[in-house]
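S.K.: Shown below is the structure under consideration.
The values are calculated or read from the model by the stated rules, or taken from the named source; none is laboratory data. Since this is a predicted model, take the numbers as computed values, not measurements. Cβ sites come from the backbone with ideal geometry, for glycine too, and all protein chains shown count toward neighbours.
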Amino acid sequence: MSDLFKPGPEQKFTFGLWTVGSIGRDSFGEPVRQTMSPVDLVHLLAGVGAYGVNFHDNDLVPIDATSAQRDRIVSNFKNALAETGMVVPMATTNLFSDASFKDGAFTSNDPKVRAYALQKTLNAIDLGVELGAKIHVFWGGREGTETDAAKDPLEAGKRTREAMNFLCEYVKDNGYDLKFALEAKPNEPRGDIYLPTTGAMLGFIATLDHPEMVGVNPEVAHEHMAGLNFLHAVAQAWDAGKLFHIDLNDQAFGRYDQDFRFGAVNIKSAFFLVKFLEDVGYQGSRHFDAHAYRTEDYEGVKSFARGCMRTYLILMDKAARWNADSEIQALLLEINADDGSMEAFKGSYSTAKAAALKEQDFDRQSMGSKGLAYERLDQLTVDLLLGTR
């Protein structure tokens with residue numbers, strides 16, 4: 001492989017313990033790989049050139065571990081981080097695997113479950129902060145319904161808001177340097193999950209007591225499951241100042257959550273996503289929330305991890321070439337040409353500006369008949385991606 005596409009710490013490529021640690025179990029099949037310890041997974045990721053590792057609380061510390069077991073596991077994990085130079089930028093809480101969360105965590109109808117979910121999250125926040133995490137992600141995988149007879153969506157929203165407000169106050173009370181990132185998904189494992197898209201999450205955040213502490217963690221596969229354009233969701237989050245974290249993978253539109261290697265399915269979509277992140281100067285982790293095919297052994301898992309990073313770097317190089325391509329840039333100048341005749345109508349509203357605009361004569365026929373050359377622009381992009389320019 002060319003050194004041009006060798007990952008470095010400046011790209012902040014990260015993987016979760018649950019990604020490279022996936023043993024290949026699915027709804028129809030038993031595991032195909034042996035379980036690896038968190039320490040071994042840190043060394044695996046360091047060996048393929050990753051920058052950091054993220055985890056759910058129980059990826060690292062089993063849910064039924066004693067205090068002594070917890071301390072020993074965390075100590076060993078810290079040693080592995082120190083030995084490899086790996087960092088922990090993000091942590092999250094598993095509020096979906098245990099049977100107690102079968103009807104949700106923060107939105108459960110059972111107040112004992114809601115209180116336990118808060119307790120578990122407080123402990124997970126402490127653990128993440130102890131290991132250096134600056135972001136704590138919330139994915140409400142069980143926060144939903146199969147039948148709306150079971151749960152009032154208005155009450156579910158209130159319960160979620162109360163939980164997030166409580167957790168924000170906990171972070172402030174402890175002086176933690178930590179922000180929250182909410183991750184949307186339309187369905188699976190629930191029939192319908194509340195706050196199913198990044199846009200819905202952004203609307204919800206505005207209702208919180210401390211919205212400045214809460215952003216989003218959009219995921220490629222989750223938006224594609226809903227048939228949406230992921231780039232547009234990311235751009236909206238960026239514009240709102242809420243792109244705190246991002247999950248990169250790939251997904252065929254409208255399917256179950258496939259979590260394929262980044263760029264494995266929709267290469268042009270992946271290209272424009274990488275181009276956007278690099279163009280705007282995104283400084284957060286580029287986190288790969290994906291899994292190797294079930295067909296793979298751990299050498300295949302390493303190939304999967306290397307492939308995620310390599311594809312990103314290739315597309316980053318392609319984005320730089322796109323931005324420097326004289327024909328593409330000339331075409332963009334032509335498409336976005338401004339003769340200055342509408343300058344008087346730009347910017348903020350004024351009574352005079354509105355009156356002048358109402359009097360302006362527009363040549364609709366000329367505007368409607370003008371070709372925009374988008375076909376040519378798109379083909380030049382395809383040519384560049386396919387390596388013919």
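S.K.: Among the listed residues 300, 387, 340, identify the single one that is modelled with pLDDT of 95 or more and in a helix (DSSP H, G or I). Steps first, answer last, please.
M.R.: Numbers: 387 fails: in a helix (DSSP H, G or I); 340 fails: in a helix (DSSP H, G or I).
Only one candidate qualifies: 300.
S.K.: Which condition does residue 48 not pass, out of (1) in contact (Cβ under 8 Å) with a residue 60 or more places away in the chain; (2) more than 30 Å from residue 256 (Cβ to Cβ), if it passes all the others?
M.R.: Evaluating residue 48 over (1) in contact (Cβ under 8 Å) with a residue 60 or more places away in the chain; (2) more than 30 Å from residue 256 (Cβ to Cβ) leaves (2) as the failure.
S.K.: Another question, if that's okay. Hey, any hits in segment 262-274 for a residue that's of a type in the set (D, E, K, R) and buried (at least 16 other Cβ atoms within 10 Å of the Cβ)? Steps first, answer last, please.
M.R.: So the first thing to find is which residues in segment 262-274 are of a type in the set (D, E, K, R), and the list is 268.
Adding the requirement that they be buried (at least 16 other Cβ atoms within 10 Å of the Cβ) leaves none.
Taking every residue of segment 262-274 in turn, none turns out to be of a type in the set (D, E, K, R) and buried (at least 16 other Cβ atoms within 10 Å of the Cβ).
S.K.: Among the residues of segment 22-66, count how many are part of a loop (DSSP other than H, G, I, E, B) and crowded, with 21+ Cβ neighbours inside 10 Å. Working first, answer last.
M.R.: Going residue by residue through segment 22-66, those that are part of a loop (DSSP other than H, G, I, E, B) are 22-25, 27-28, 30-37, 49-51, 61-66.
From what's left, crowded, with 21+ Cβ neighbours inside 10 Å: 22, 50-51, 61.
Of the residues in that region, 4 qualify.
S.K.: So, in segment 1-21, how many residues would count as being in contact with a Ser or Thr (Cβ under 6 Å, 6 or more places away or on another chain) and surrounded by fewer than 22 Cβ atoms within 10 Å (Cβ to Cβ)? Steps first, please.
M.R.: Of segment 1-21, the ones in contact with a Ser or Thr (Cβ under 6 Å, 6 or more places away or on another chain) are 12, 14.
If we keep only those that are surrounded by fewer than 22 Cβ atoms within 10 Å (Cβ to Cβ) as well, we get 12.
Number of matching residues: 1.
S.K.: Another one. Take the residues in segment 67-108 that are in contact with a helix residue (DSSP H, G or I) (Cβ under 9 Å, 6 or more places away or on another chain), of a type in the set (S, T, N, Q) and not in a loop (DSSP other than H, G, I, E, B); name whichever of them is nearest to residue 144 (Cα to Cα).
M.R.: 100
S.K.: Restricting the search to segment 1-29, which residues are of a type outside the set (S, T, N, Q) and over 24 Å from residue 246 (Cα atoms)?
M.R.: Those that are of a type outside the set (S, T, N, Q) and over 24 Å from residue 246 (Cα atoms): 1, 3, 25, 26, 28, 29.
S.K.: Could I ask something else about it? Of these, 254, 215, 284, which one is small (Gly, Ala, Ser), crowded, with 17+ Cβ neighbours inside 10 Å, over 24 Å from residue 20 (Cα atoms) and in contact (Cβ under 8 Å) with a residue 24 or more places away in the chain? Let's see the steps before the verdict.
M.R.: Working: 254 fails: crowded, with 17+ Cβ neighbours inside 10 Å; 284 fails: over 24 Å from residue 20 (Cα atoms).
Going through 254, 215, 284 in turn, the sole match is 215.
S.K.: Look at segment 70-119 and say how many of its residues are among the polar types (S, T, N, Q) and at positive phi. Can you show your working first?
M.R.: Within segment 70-119, the subset among the polar types (S, T, N, Q) is 75-76, 79, 84, 92-94, 97, 100, 107-109, 119.
Now drop any that are not at positive phi, which leaves none.
Counting residues in segment 70-119 that are among the polar types (S, T, N, Q) and at positive phi gives 0.
S.K.: Considering only segment 229-242, I want to know if a residue exists there that is touching a strand residue (DSSP E or B) at 6+ places or on another chain (Cβ under 7 Å), more than 15 Å from residue 287 (Cβ to Cβ) and in the same structural domain as residue 263 (by TED's automatic domain parsing). Give the steps one after another, and end with the answer.
M.R.: In the first step, residues of segment 229-242 are kept if they are touching a strand residue (DSSP E or B) at 6+ places or on another chain (Cβ under 7 Å); the result is 234, 237, 242.
Now drop any that are not more than 15 Å from residue 287 (Cβ to Cβ), which leaves 242.
Subsequent filtering for residues that are in the same structural domain as residue 263 (by TED's automatic domain parsing) retains 242.
Checking segment 229-242: at least one residue is touching a strand residue (DSSP E or B) at 6+ places or on another chain (Cβ under 7 Å), more than 15 Å from residue 287 (Cβ to Cβ) and in the same structural domain as residue 263 (by TED's automatic domain parsing).
S.K.: Considering (1) under 30 Å from residue 14 (Cβ atoms); (2) of a type in the set (Val, Ile, Thr); (3) surrounded by 18 or more Cβ atoms within 10 Å (Cβ to Cβ), say which one residue 328 fails and leave the rest.
M.R.: Evaluating residue 328 over (1) under 30 Å from residue 14 (Cβ atoms); (2) of a type in the set (Val, Ile, Thr); (3) surrounded by 18 or more Cβ atoms within 10 Å (Cβ to Cβ) leaves (1) as the failure.
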